[in-house]
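Right, I'll just put the structure down here and ask away after.
The values are calculated or read from the model by the stated rules, or taken from the named source; none is laboratory data. Since we're looking at a predicted model, the values are computed, not measured. Positions of Cβ are backbone-derived with ideal geometry, glycine not excepted, and every protein chain shown enters the neighbour counts.
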């Protein structure tokens, strides 16, 4: 009796670990699109299908087309199906499945479907924004706003590896709230819109916006200026940012200005600013993050103010500077007055 139970247990265990559960089928694969399932005409994308085991043949099916694409993957578990120079004919619904190379009778269940959306030139790209815009703490909430140029559209929010239900709008914009924010919510978002009656004729995607998730294990850094008392026009100043973790990527923040991030092997990074202009004046802060997790970021430093000194256009005295002849005449008047006083 015991040996029979042992045999039954081992049979079930082997079936589970071989991926076979009744009907001789493997578990369904995962399908996703990179960089985004929304693409402009002429651009490129890649559909990826991932199974659980090596030694498989993968098939990519497009709704309405009888012949699937085939990729053989003898070693890995991911098959790639690139689409170069995307056309309107590439839009539509895709799914994939796979089977064993060694035993072609053993096939998987089909994956979930994914829709490829090709941008429609008559629908200009929308704008996208975040509220709040400066980053959000773990567990907090953020709202993504998408605004188009046509009324009464269906809006789609796009993020690699994430699906959001579309939102119908009677106006020009739609709102996508994200509550209880996790690290996985950090990343790059874009949005698009389309007519409710034509789901595959879609606007070009918006420019991307970055959602930064504040990482509580990264305490806020300190920031300082050298020199600290202000800098003259045309001079130079250095911004120092110091964190509490070694080997981080530091980011300098100023509204309306972009600075390339700086990788540091120590605890701090330096941002030199040469030939200082009036536009360089203002409030700066900095933050840092792991080089491998660009959207899990420290809280920003306290701000520091860069003061730019010096005369600039439009700052002249209300009284014009005297000419050489005016200076000479003034000196004579003063000498004549003094002379008359002594007479």
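From the set of residues in the stretch 147-165 that are within 15 Å of the chain's Cα centre (by Cα) and farther than 15 Å from residue 181 by Cβ, which is surrounded by the most Cβ atoms within 10 Å (Cβ to Cβ)?
Result: 158.
Okay, moving on. Can you name the number of the only condition in (1) over 30 Å from residue 166 (Cα atoms); (2) within 23 Å of the chain's Cα centre (by Cα); (3) at pLDDT below 90 that residue 229 fails?
Only one criterion in (1) over 30 Å from residue 166 (Cα atoms); (2) within 23 Å of the chain's Cα centre (by Cα); (3) at pLDDT below 90 is unmet by residue 229, namely (2).
Hey, does the stretch 10-20 have a residue that's touching a helix residue (DSSP H, G or I) at 6+ places or on another chain (Cβ under 9 Å), assigned to a loop (DSSP other than H, G, I, E, B) and modelled with pLDDT under 90? Break it down into steps so the answer makes sense when it comes.
Restricting attention to the stretch 10-20, the residues satisfying the condition of being touching a helix residue (DSSP H, G or I) at 6+ places or on another chain (Cβ under 9 Å) are 20.
Checking which are assigned to a loop (DSSP other than H, G, I, E, B) leaves us with 20.
Going one step further and asking which of them are modelled with pLDDT under 90, we end up with 20.
Yes, the conditions are met somewhere in the stretch 10-20.
Which residues, counting only those in the stretch 101-121, are over 26 Å from the mean Cα position of the chain (by Cα) and either surrounded by 21 or more Cβ atoms within 10 Å (Cβ to Cβ) or not in a strand (DSSP E or B) (or both)? Break it down stepwise before answering.
So the first thing to find is which residues in the stretch 101-121 are over 26 Å from the mean Cα position of the chain (by Cα), and the list is 101-111.
Across the stretch 101-121, the qualifying residues are 101, 102, 103, 104, 105, 106, 108, 109, 110, 111.
With the condition kept exactly as written, say whether any residue in the stretch 298-310 is modelled with pLDDT of 90 or more, crowded, with 16+ Cβ neighbours inside 10 Å, assigned to a strand (DSSP E or B) and in contact with a helix residue (DSSP H, G or I) (Cβ under 6 Å, 6 or more places away or on another chain).
Yes - at least one qualifying residue is present in the stretch 298-310.
Provide a single number: the residues in the stretch 184-206 that are part of a strand (DSSP E or B) and closer than 26 Å to residue 134 by Cα. Please lay out each step first, then the result.
Residues of the stretch 184-206 part of a strand (DSSP E or B): 187-194, 201-202.
Going one step further and asking which of them are closer than 26 Å to residue 134 by Cα, we end up with 187-193.
Here the count works out to 7.
Looking at this structure, is residue 144 surrounded by 14 or more Cβ atoms within 10 Å (Cβ to Cβ), over 17 Å from residue 38 (Cβ atoms), modelled with pLDDT of 90 or more and within 20 Å of the chain's Cα centre (by Cα)? Spell out how you get there, then give the answer.
Details: surrounded by 14 or more Cβ atoms within 10 Å (Cβ to Cβ): yes; over 17 Å from residue 38 (Cβ atoms): no; modelled with pLDDT of 90 or more: yes; within 20 Å of the chain's Cα centre (by Cα): yes.
Considered against the rule, which asks whether it is surrounded by 14 or more Cβ atoms within 10 Å (Cβ to Cβ), over 17 Å from residue 38 (Cβ atoms), modelled with pLDDT of 90 or more and within 20 Å of the chain's Cα centre (by Cα), residue 144 comes out as no.
Which of the residues belonging to the stretch 268-280 are out of contact with any helix residue (DSSP H, G or I) (no Cβ under 8 Å at 6 or more places or on another chain) and surrounded by 17 or more Cβ atoms within 10 Å (Cβ to Cβ)? Reasoning before the result, please.
Here is the first cut: in the stretch 268-280, the residues out of contact with any helix residue (DSSP H, G or I) (no Cβ under 8 Å at 6 or more places or on another chain) are 268-272, 274-280.
268, 269, 271, 276, 280 - these are the residues of the stretch 268-280 that are out of contact with any helix residue (DSSP H, G or I) (no Cβ under 8 Å at 6 or more places or on another chain) and surrounded by 17 or more Cβ atoms within 10 Å (Cβ to Cβ).
Kindly indicate the residue of the stretch 250-267 that is in contact with a helix residue (DSSP H, G or I) (Cβ under 9 Å, 6 or more places away or on another chain) and not in a loop (DSSP other than H, G, I, E, B) and also nearest to residue 226 (Cα to Cα) among those meeting that condition.
So, considering only residues that are in contact with a helix residue (DSSP H, G or I) (Cβ under 9 Å, 6 or more places away or on another chain) and not in a loop (DSSP other than H, G, I, E, B), the one nearest to residue 226 (Cα to Cα) is 254.
Can you tell which of 165, 121, 126, 199 is out of contact with any helix residue (DSSP H, G or I) (no Cβ under 7 Å at 6 or more places or on another chain), farther than 30 Å from residue 303 by Cβ and free of Cβ contacts under 8 Å to residues at least 12 places away in the same chain?
Only one candidate passes the filter, namely 165.
Restricting the search to the stretch 40-87, which residues are part of a strand (DSSP E or B) and exposed (fewer than 13 other Cβ atoms within 10 Å of the Cβ)?
70, 72, 82
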